[in-house]
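Below you'll find the structure, written out as structure tokens, and then a few comments.
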Amino acid sequence: MFTGIVTAIGTIESAEQRGDLRLRVACPFDPADIAIGASIACSGVCLTAVDKGGTKGDAHFTVDVSAETVSRTAKGMWQEGAELNLEPSLRIGDELGGHIVTGHVDAVGKVVDWQPSGDSMIAVIAAPAALAPFIAEKGSITVNGVSLTVNSVEDQPDGAAHFTLNIIPHTGDVTTLGGLRQGGEVNLEVDTIARYLHRMQALRAR
């Protein structure tokens, strides 16, 4: 379980296609704090550390990414040199600074607009129709592993939804969201509470 509060940006040092895709990710963590078998959210995807090394502040860890995961996440994110938003899994007693995040990507969204607004940036993301019922104004959503608040939602004729986010300078600096560009793809995970509420309403309507 995660909160969507990114603690570091990692860089894919190597990507080797085996039975699965094996990645070595450089990061500023302390390798002593990375447990083999532990979960690390990588741009919103929960992956398992299978190896580690380096020194404090100059560490690396290794993960295996299945073909299923590659097919359901944003294009190009698993390439050598790509940057990833990193968040270790929650420990008992940690602050829940964002919202409850599972690290399971629900769908891939697309940046349809990206404009400055004061010192911040306003992003408009297109979400597929299957996710539209779970996205609400002032609700929470995870974009590339980052917990964000939805400013507004516009339903589209085809059932999809366009939702607006405000990316403040700090968020842009400490995550990869500062590098978003129009037409780019992003990993989306809807709020867990919204998912259960939708299910409850569907059962009541039967």
Filter the range 162-198 for residues that are farther than 16 Å from ALA74 by Cβ, assigned to a helix (DSSP H, G or I) and either touching a Leu at 6+ places or on another chain (Cβ under 8 Å) or among the β-branched types (Val, Ile, Thr) (or both) and give the result.
THR171, VAL174, THR192, ILE193
Name the pairs whose Cβ atoms lie under 6 Å apart, with the first residue in the range 133-150 and closer than 12 Å to LEU188 by Cβ, the second among the acidic types (Asp, Glu) and open to solvent by 40 Å² or more (accessible area, probe 1.4 Å), and 6 or more positions between them or separate chains?
VAL150/GLU137
Out of GLY81, GLY76, GLY98, GLY53, sole residue that is assigned to a strand (DSSP E or B) and either touching a residue at least 12 places away in the same chain (Cβ under 8 Å) or open to solvent by 50 Å² or more (accessible area, probe 1.4 Å) (or both):
GLY53
Would you mention how many residues in the range 33-50 are on the phi > 0 side of the Ramachandran plot and surrounded by 16 or more Cβ atoms within 10 Å (Cβ to Cβ)?
2
Just checking, how many residues over the range 83-113 are farther than 16 Å from GLY4 by Cα and in contact with a helix residue (DSSP H, G or I) (Cβ under 9 Å, 6 or more places away or on another chain)?
1
So which of ALA67, ALA107 ends up being out of contact with any Phe, Trp or Tyr (no Cβ under 6 Å at 6 or more places or on another chain), surrounded by fewer than 18 Cβ atoms within 10 Å (Cβ to Cβ) and over 15 Å from ASN144 (Cβ atoms)?
ALA67
Are any of the residues in the range 3-17 at negative phi, open to solvent by 50 Å² or more (accessible area, probe 1.4 Å) and assigned to a loop (DSSP other than H, G, I, E, B)?
yes
Quick check: is even one residue across the range 20-31 open to solvent by 50 Å² or more (accessible area, probe 1.4 Å) and assigned to a loop (DSSP other than H, G, I, E, B)?
yes
Identify, please: which residue in the range 84-94 is under 18 Å from PHE29 (Cα atoms) and at pLDDT below 80 and is, among those, surrounded by the fewest Cβ atoms within 10 Å (Cβ to Cβ)?
ARG91
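The values are calculated or read from the model by the stated rules, or taken from the named source; none is laboratory data. What you see is a predicted model, and the numbers here were worked out from it, not measured in a lab. Quick reminder, even Gly has a Cβ in these numbers, built from the backbone with ideal geometry, and neighbours come from all protein chains shown. Ligands, DNA and RNA are excluded from the accessible area calculation, which covers all protein heavy atoms including side chains. Shrake-Rupley method; radii C 1.70, N 1.55, O 1.52, S 1.80 Å.
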